[in-house]
1. Tell me, which residue of segment 183-207 that is part of a strand (DSSP E or B) and not hydrophobic (A, V, I, L, M, F, W, C) is surrounded by the fewest Cβ atoms within 10 Å (Cβ to Cβ)?
2. Out of everything in segment 333-359 that is in contact with a His (Cβ under 8 Å, 6 or more places away or on another chain) and part of a loop (DSSP other than H, G, I, E, B), what residue ends up being farthest from Met572 (Cα to Cα)?
3. Return yes or no: is Phe279 part of a helix (DSSP H, G or I) and of a type in the set (Phe, Trp, Tyr)?
4. Given the structure, is Gln597 crowded, with 18+ Cβ neighbours inside 10 Å and modelled with pLDDT under 85?
5. Helices (runs of 4 or more DSSP H) wholly in segment 52-156 with at least 1 residues that are modelled with pLDDT of 85 or more and within 34 Å of the chain's Cα centre (by Cα) - which ones?
6. Here are the criteria: (1) out of contact with any strand residue (DSSP E or B) (no Cβ under 7 Å at 6 or more places or on another chain); (2) among the small types (Gly, Ala, Ser); (3) more than 23 Å from Val412 (Cα to Cα); (4) in contact (Cβ under 8 Å) with a residue 60 or more places away in the chain. Tell me which single one Ala454 does not satisfy.
7. Among the numbered criteria (1) within 31 Å of the chain's Cα centre (by Cα); (2) of a type in the set (D, E, K, R); (3) over 25 Å from Phe286 (Cα atoms); (4) modelled with pLDDT of 85 or more, which single criterion is violated by Glu592?
8. Does segment 179-224 hold any residues that are among the hydroxyl-bearing types (Ser, Thr, Tyr) and touching a residue at least 12 places away in the same chain (Cβ under 8 Å), and which are they?
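The values are calculated or read from the model by the stated rules, or taken from the named source; none is laboratory data. Predicted model only: the values in this text are computed from it and were never measured. Positions of Cβ are generated from backbone atoms using ideal geometry, with glycine treated the same way; all protein chains shown enter the neighbour counts.
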Amino acid sequence: MKSATVATASTIAVVLLCSVSVPSGHQNVCRAASAESRLDSRKLQRDLMLDGDHQARLLHLTRSVNSIIDEYLGNRPVVMFADEVQQSELGQRLLTDMTHPRLLVSQADLRQANGLLVYLRHWDSPSTDYETVLGRLPSSDHSRHMVLWGGVRDGYATNDDRVDLHRIQVMFEAFWQYQLIDVAVLVPTSTGSIRVYSFNPYTGSRCNRAGPPIMINIWSGWTNTFVKPNRVFGLDDKLKNLHRCPLKCLGIHRPPVLTVVQTKTSFELSGSGLRIIDFMQQYMNFTGIVSIAYGHVGVHFIPETAIPDNDSSPVGGKVKNRKVDLAFGRFTRIFDSESDVEFIKEDQMDCFTWGLPSGIGHDPTLWINYIAEFSLVTWIFIMLSIILAFIVVVILSQLSFQNSIQWSPLFVLFYTYGTFIGAPIQITPKSYTLQVFLTNWLLYSMVVTNAYQAYLGSLITIPQTTPEINDQHTLLKTNLNLVGRQQMYYLINSSAGSSSDFRALVDRYQILPPEDFGYIIQRILMKRDTAVLAAKRELIFYAQGYTKKFNNSKHLHILPKCMIESYSSTFMLRKGSPFRHRISTIMSRLSETGIMQQWDRTNVKEEMVHGIVFTEDTILSISQFYGAFIILFFGLFLGFCTFVGEIFVFLMNTYNRKQMKRLQFLN
């Protein structure tokens, strides 16, 4: 527009010069200049009209794009690239008119580029512009990508509404190279509407490829709404059906959730992990290309599987580097923590405790059997009840109006203790108050003493259980070799400052070599010189197998208390994987309906494991004597009411006797 104005000004200057008398030889030049001035004037009027139309189109397009952003933004910020906004009039208008939180980032620093990313791409830009940008975006499946295509840098579309779908497909392939699927390309038309294109990498005719663009909707410039109800963004619709396309799945040997048994030609899987991956294949309709791995840190892959390099990198490294699409088994943050990977639906807590030989504890002393029947709180309440009964009987015997002989405190102490243990006492109180109280006191004493006597009788009729070690403090006093995996050592070492037991454990802890875990369990049962720190479910699994192998003659004892707890998950995915949301939804439904818990129970039946101790011996707690103490305090209440009644009757009798004496005196 500026160059046209300059050219018009020079032409007018020539015309003014020609208006002065000029030689006849220059008249042709003047006539040409006059014709050019009229042509430039018409061009100027047309440019002014185009400029006004351009501004109107720009304003309309800005409002349309903002409306689409309003509909699909959610709780995300709008992220735009600073260099694109600087070169685009539409980008500047969007940035000015937008009311949502917005963030300008540089293509050199994309650490905060999470949200709804808006790209301003011109049709003549090379297709490789965004490949370096997409490779440095933060890993997140929460982000959405909106590409404003065509001449939208300048804010208008040409009258030719033909779209170069090949260029759009090349851009989609660049996005899918980094597994970014929530992408929409907006192409404005000359009529004011906006065509929306997307892609689906999994269809009946192709797998794991972007494919040709699909026009999924049209934004109407007249109604300011979408013509179709189809959603522009969303992962579930694109990944709901994978059309039997192959996915690389890595199974890790973590019994009992996933158990791998290698045969001569292949391998066999069992456990709830196998049921889950089979369910996922049917529900999402994909074909799992399964590879199997052993170990925790150094992973050893079974030959002739889908992973060609067969190295010993951790499972998290395989997932992170996209050598597999997902890993399944049982994963915890203690063993499998890795940057740029995430666990799906951590709905269970793994318990890490000690497995040691059975029967290596010390027998308790004889006197322990006489006091171990009740818990400490129960013993305290029993002593307090005897003291309370002694005080009540002393008070009632001293204040009673019906006892002819007052009881001494020493006799009351003997009487209270004798009635508590059930000793025969011939003396019967005549006071109604004492009779009511002692009735409930004797009932309370009968419940407590009978429970105690029954326990003493069980020491003769029922054999005692094998003495076991049930806490880590006692375990540290033994001479057992304390072993475990390497990651567990790192965790214990970081907690060494919290207690003296952990400091002593760090000094004695031995890291297991990378060998079969079953060998360690076999050594514990045979040589009885080792204790291993591992997941409780894993210890139970191997204990069941070796108990059958030794004909139920050797048993593994498992400490009932967890030393370390960690959330665990069945699936591990790369952070930002497009399958995360879909798999997480399915796992939530399996957990909420109880199917996951039922599958786990069928794998580990703890109640069928003979010789594995999970809880301590049962002792009678205060909750089991709740009714007996209610009887005692109810008796105190009735005794108090009877005592008040006795006082009232005594006062009434005294008053009546005085009245009778007064009447006799008057008569």
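1. Restricting attention to segment 183-207, the residues satisfying the condition of being part of a strand (DSSP E or B) are 183-188, 194-198, 202, 207.
Filter once more, keeping what is not hydrophobic (A, V, I, L, M, F, W, C): 188, 195, 197-198, 202.
Details: Pro188: 27, Arg195: 19, Tyr197: 24, Ser198: 24, Tyr202: 23.
Filtering first and then ranking leaves Arg195.
2. Among residues in segment 333-359 that are in contact with a His (Cβ under 8 Å, 6 or more places away or on another chain) and part of a loop (DSSP other than H, G, I, E, B), the one farthest from Met572 (Cα to Cα) is Gly359.
3. So Phe279 fits the description; yes.
4. Details: crowded, with 18+ Cβ neighbours inside 10 Å: no; modelled with pLDDT under 85: yes.
No: the conditions fail for Gln597.
5. Result: 131-135.
6. That leaves (4) as the condition not met.
7. (3)
8. The initial filter retains those residues of segment 179-224 that are among the hydroxyl-bearing types (Ser, Thr, Tyr), namely 189-191, 193, 197-198, 202-203, 205, 220, 223.
The answer is Thr189, Ser190, Thr191, Ser193, Tyr197, Ser198, Tyr202, Thr203, Ser220.
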